[in-house]
1. Mind checking the angle between helix 955-965 and the chain's longest principal axis? C-alpha axes, 0 to 90 degrees, to the nearest 10.
2. When DSSP beta bridges are limited to those with both residues in the chain, what percentage is antiparallel, rounded to the nearest 5?
3. Any idea how far apart residue 403 and residue 526 come out in nm if each label point goes 7 Å out from Cα toward Cβ?
4. At 222 nm, what value in deg cm²/dmol follows for the chain if DSSP H runs of at least 4 each add -39500 (n - 2.57) and the sum is divided by all its residues, to the nearest 500?
5. Go ahead and run the numbers for FRET between residue 272 and residue 450, Cβ-Cβ distance against an R0 of 35 Å, rounding to 0.05.
6. Between residue 185 and residue 768, what FRET efficiency comes out of the Förster formula 1/(1 + (r/R0)^6) with R0 = 56 Å and r the beta carbon distance, rounded to 0.05?
7. Distance from the Cα centre of segment 805-819 to that of segment 985-1012, in angstrom?
8. Per q in 0.10, 0.12, 0.13, 0.17 Å⁻¹, report the Debye log10 I(q)/I(0) for segment 873-1011, using one uniform scatterer on each alpha carbon and no solvent.
């Protein structure tokens, strides 16, 4: 449909009087014109000429005016403003100031028509009033819907009725109507479906149907969506008379699912009454709701559903009755004598995940279900699920999200209160992050632990955050199972049709408080008095179906007995499950990765070096534009030319080393995904992996994807300005497959601060908690250059503090493949490369290892020659190493400070007296190599040098491990900045002063002697 604003270039808008004149001269032709362009510029004076179709004309013009008053002619604007202001009949229309003799005549003619038809204004105003009333219900009907199953709260925190909703006949006056108008027949606009096959209805029936559509147990928020097709689709789903119908078979299935949901919780309560389980009581309808979404999605072609949910709201129930985890594996976790058979600490039963492939009995199609493990940070799993979904879509070529989808469960308080929800929503439509629609299900039990919702949010609904991405929101009373099922069907159809997010808000309650051990009467006495009297939804629905003759009482009781027997038999089997097998709780299995020909892969890593012809080829592509007629920026031409010269000279800088590592892995079929803020160009303008044509908008070139004929794809994508959400997303992407190199780069080192939850809860303990390996790489630029605290430190001390190795235990240094076994045993790898070559090798090693560990890498931008393999330690190779007995001090360091130390050593002419050893891999700690270094310099005192402050950086991690290495035979002194609260100064002079003090301490051969 075109409004005036879209067709103005084809047809000049007619004034009110001109339209009348057109109709009077050639009524049929004018009618065809209006029908063709579907926009109107006539005032009400033309109404007699339009006969029976005029109300539709006026209605569509009115809708256009509501959206944008400037989209219609000024005469319409004045008329609608006057009408909305309550102008009496016959006075709403005002002709605009005439501009020509012809328009004066037209206005006079229009005014004569108005005088001849004194009731025209009233007739049209009544039609417009009815259209406004219909629109009011569509916009605000949800505010008066009966959503609270307890009947004591208002889901929108407001007990008042909007002024434009007809809650009584007194409200008719708001629209200039009265009771005498209730039986008048009004033409229905095209923006409503309440008439079904009828085009006109009495006002009384119009109001009744609007109340049935929008004010019962379903509240629909959608009128903020700025797409007419989508709004019409939703209107049709909820306004069409009789559309919410279920067959008897569907009702019996729904009852059976409610039986399983309810009796599972009751079984756990009987067997383990003193155990916390965060059950589902009060929202038992969640299980059939999820199964309905899955059924409908499976029917529409989806064969893989990835889910995320908090530990609250019946996670065990979801595992048992949606994912279909073995009940005995769930029940055996309640055994206090349980031992873990697999490595790792494991997590509590309601935090673990699950992966299962089975037949969907409703559609007879195979479907894979995965529930991602999550911590107690209720919404932290949201971006992880999205990233995993994106990866699964990528690997199966599902570019439109038709095969793989995600479902996210939320709590009401967390959905409104945690910013990660907003960050995740804003990833939903970004090209490199979209999963083509997620179904969000909010378990809205109207309380956050003990916090009243009026204290937990400022918005009317907890779901209002979803409005930012134009996601429709369906509120539904959870004690009406059929309404819930219908809403879930519509949500699944919406996602399948438009591939956009949708929210289902299950308004419910929590029967047992925060958990089964809690006493909710302390803080919500009135609510829980009502809850104690509340009949469970299963009982309500069973009574309804019995009264309808859908089932009889014996059939209902037999359904209960059948499921109770299933639980009892599983409970008996769980007695034999003395050992918990964590593998049964994996949410992302990697079949075939850990074995080779049926045998465990060997603990070794092949060489990470490459032949010169491969490196040269990659370097030549990196320094060129492999697309014809592509104009790049002049400054970029110079950068590419410099790269080409480095290739000729057989040298690399940091950017080229990264390029070569990536390019070589792409040749080997390894997909690479690099994500973060401004990673395409690089924050330091060093990367330039995406070239932009200077003359053609949106025309880009990624040379990395032009390296080899059958290479793996390279994905490099600038992220939204989010750390928490994007890092979680990339973690989820890396979770899906071990055969990909997934990297997230912080714009500056400590920009991971706001992503700390993902690091602390998922990356650091992931294998220990859930036996889930992950190979994600965190690139964290780090180095003190006087740029201030936020642009200097990557907070390495935080990563090192969370390493799981023991500083007081010297491992067996004679063990075969010691370095590889160290990597396997650690929870993550922390490196601080000081050469581009080492950076190149550590990236390639990440994929060539027979296992996956997260890597936190920090790199400066100093240039040096590349090595031939990754060096955990780079020893002194100058004059000091030639005469080690003459060395009086052995300095250990890591990263960029090495170059400050070597310059100072040369300036002081101490190259033979002081040796400098670089530790490139901080964790796992290279005990074996450092022992050789210490033994090499028998007369040297030992010192650790760092540019970070003493209470930060690496000192507290390195010192005890160095002392363990040498059996505490010598002290390990410190040379660096004094302790401080902030990571770095932003004053250049202060920075240089601090640096000089560090260097003075490091090279004053008497300073440590004086300290002792």
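1. It is inclined by approximately 40 degrees.
2. 25
3. That separation, rounded to one decimal, is 5.5 nm.
4. Values: 36 runs with 397 residues, N = 1012.
Only helices count here, giving -12000 deg cm²/dmol.
5. 0.90
6. 0.20
7. Answer, in whole Å: 34.
8. Calculated log10 I(q)/I(0) at the listed q: -0.30, -0.44, -0.52, -0.91.
Every number here is computed from the coordinates shown, using simple stated rules; none is lab data. From a predicted model like this one, the values you see are computed outputs, not experimental measurements. Methodologically, a virtual Cβ is constructed for each residue, glycine included, from the backbone with ideal geometry; neighbour enumeration extends over all protein chains shown.
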